[in-house]
Structure formats: C-alpha cells, structure tokens
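One structure is given below, encoded as structure tokens.
The values are calculated or read from the model by the stated rules, or taken from the named source; none is laboratory data. Computed from a prediction, not measured in an experiment: that's the story for all the values here. Note that each Cβ is placed from the backbone with ideal geometry, even for glycine, and that neighbours are counted across all protein chains shown.
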Amino acid sequence: DVKVTQSSRYLVKRTGEKVFLECVQDMDHENMFWYRQDPGLGLRLIYFSYDVKMKEKGDIPEGYSVSREKKERFSLILESASTNQTSMYLCAGTRNMNTEAFFGQGTRLTVV
Amino acid sequence: AQSVTQPDIHITVSEGASLELRCNYSYGATPYLFWYVQSPGQGLQLLLKYFSGDTLVQGIKGFEAEFKRSQSSFNLRKPSVHWSDAAEYFCAVGARYGNKLVFGAGTILRVKS
C-alpha cells in the first residue's frame, strides 16, 4: 500500500518555538509538497520540492522553511511559531505532475 | 504562475438532482487538471484527472468533468447526487512545464433529502 506519513496528527506549541513537521513517503515520489488548509481558503501551497536538496517557494512561504536531505523525507520548519500559523498542515507527494498526488493524514497544529 | 478559482464556496442540492461545480484556472499552457474530494475528517481522494485527449473525462463515484480550453474551465458534474456525496471538493492544476501543484479554495457540497 502506498504511504505518505506525517509524524504527528496533533501538535500544540508555544509562540516563538521552532517547530518541525515531518513527512515521509515510501512511493519514490520525485515531487513533494507542503500545504496549509484553512476554512474558506482551501489548500495553500507553502513550499514544494522536486528533487533532493531542491526546493521552491509556493504561494505563502513567509515564516516557513523546508528541508529535503533525502528523497523520502520532506520537513516543514516554522522558525518561530506564531498564533496565525495555527492550521491543518498537509504533506503530499507525486511521482510526476501528471499523476495523482497522495496526501498524508494531516497535522493539526495549534500555537498558543 | 498557475492559479485556480472555485467561485462557489457552498452549494446545496437535493438528493437526486444534478450537480455542477465550477473551476476556472490560469496557466500559460495546457495544464494538468484534477478534482479531489475530502469528506469530513478524511484525507483527499482523487476523483478524476485530465492530461490530454478527450476533453470529457470520467471519474469515480459517477463524476465527470469537461475541459474547455476557450473558457479555461474544468467543471465537475454528476447527473444524480447521493447523500454520501456531501463533502468538500477541490479543483487543482498542475504545471505541465514545472513541478507546482496548486489547489482552489474548495466548494462545500451539502445534500438535502
């Protein structure tokens, strides 16, 4: 069975903390994505990566960074968490742009 | 850069009625187009996709979508809605030249009996 796995379903962090969200895929995906999902705003692309050590900004990269040291792992980093980063975060992977994207189960992050 | 607009935030239809969810995209070339569905508390599931060829594509659960290049649209349709279709629907556009996958804001479908 194909899998994209996010390390946590729920996280509660304090303002100013550095937060790491981890995503691991076992599907040999070339492309990996981080989105945040907010009611009424849909899925907004934060960052994506099309190869190891390669990354590109999405539509809302401010306050975030990413790391892809290995093909199967794509990490999202909140350098200094703020309350406006409270959201659902979704990781996805796809082998090619004309194939289905597979999503992780999501991480609901609350920053207090 | 590509973008997706789903003009309808909420749609309510009666069970058994037909459904059309709208999607407009912006991209400089012919895009890859997708519709995903998300049931409450669930992940996203692919309904159908368009890459090339026949502009009317069939998907799972009785859904279909039509790519209209002249209108930059990829509307999702179903002839008869079931109560289990109540969910949020997302249109997405993938870059044919590049690696970016962008989603619309979603349309929440409510089905009334």
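Only residues that are away from chain A (no Cβ under 13 Å), outside any strand (DSSP E or B) and crowded, with 18+ Cβ neighbours inside 10 Å: list them for the stretch B:12-66, please.
The answer is B:F63, and nothing else.
Condition first: surrounded by fewer than 18 Cβ atoms within 10 Å (Cβ to Cβ) and assigned to a strand (DSSP E or B). Now tell me which residues in the stretch A:56-67 satisfy that.
A:E56, A:K57, A:S65, A:S67
What tally of residues in the stretch A:85-98 results from selecting those that are more than 14 Å from chain B (Cβ to nearest Cβ) and in a loop (DSSP other than H, G, I, E, B)?
Within the stretch A:85-98, residues that are more than 14 Å from chain B (Cβ to nearest Cβ) and in a loop (DSSP other than H, G, I, E, B) number 1.
Considering only residues of the stretch A:87-112 that are modelled with pLDDT of 95 or more and surrounded by fewer than 17 Cβ atoms within 10 Å (Cβ to Cβ), which is farthest from A:V12 (Cα to Cα)?
Taking the candidates together, the pick is A:M88.
Can you tell me which residues in the stretch A:33-54 are over 8 Å from the mean Cα position of the chain (by Cα) and in contact (Cβ under 8 Å) with a residue 12 or more places away in the chain?
If the condition is that a residue be over 8 Å from the mean Cα position of the chain (by Cα) and in contact (Cβ under 8 Å) with a residue 12 or more places away in the chain, then A:Q37, A:D38, A:L43, A:R44, A:L45, A:F48, A:S49, A:Y50, A:D51, A:V52, A:K53, A:M54 are the ones that fit.
Go through the residues of the stretch A:70-78 one by one and say whether even a single one is at the interface with another protein chain (Cβ under 9 Å from one of its Cβ atoms) and either surrounded by 15 or more Cβ atoms within 10 Å (Cβ to Cβ) or among the charged types (D, E, K, R) (or both).
Taking every residue of the stretch A:70-78 in turn, none turns out to be at the interface with another protein chain (Cβ under 9 Å from one of its Cβ atoms) and either surrounded by 15 or more Cβ atoms within 10 Å (Cβ to Cβ) or among the charged types (D, E, K, R) (or both).
Give me a count of the residues in the stretch A:75-112 that are of a type in the set (A, V, I, L, M, F, W, C) and out of contact with any Gly (no Cβ under 8 Å at 6 or more places or on another chain).
Matching residues across the stretch A:75-112 total 5.
Conditions tested, residue by residue: (1) more than 13 Å from chain B (Cβ to nearest Cβ); (2) more than 28 Å from B:P7 (Cα to Cα).
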{"position": "A:D28", "(1), (2)": "yes, yes"}
{"position": "A:D38", "(1), (2)": "no, no"}
{"position": "A:K55", "(1), (2)": "no, yes"}
{"position": "A:R68", "(1), (2)": "no, yes"}
{"position": "A:T83", "(1), (2)": "yes, yes"}
{"position": "A:E100", "(1), (2)": "no, no"}
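Being within 10 Å of the chain's Cα centre (by Cα) and of a type in the set (S, T, Y) is the filter here; which residues of the stretch B:74-112 pass it?
B:Y89, B:T107
Wholly within the stretch A:1-55, which strands (runs of 3 or more DSSP E) include no fewer than the required count, namely at least 1 residues that are of a type in the set (D, E, K, R)?
Per the criteria, A:10-13, A:19-25, A:31-38, A:42-51.
For B:A1, all conditions in the list (1) aliphatic (A, V, I, L, M); (2) touching a Leu at 6+ places or on another chain (Cβ under 7 Å); (3) not in a strand (DSSP E or B) hold save one; what is the number of the exception?
(2)
Residue check: is B:P7 within 14 Å of the chain's Cα centre (by Cα), outside any strand (DSSP E or B) and exposed (fewer than 13 other Cβ atoms within 10 Å of the Cβ)?
Considered against the rule, which asks whether it is within 14 Å of the chain's Cα centre (by Cα), outside any strand (DSSP E or B) and exposed (fewer than 13 other Cβ atoms within 10 Å of the Cβ), B:P7 comes out as yes.
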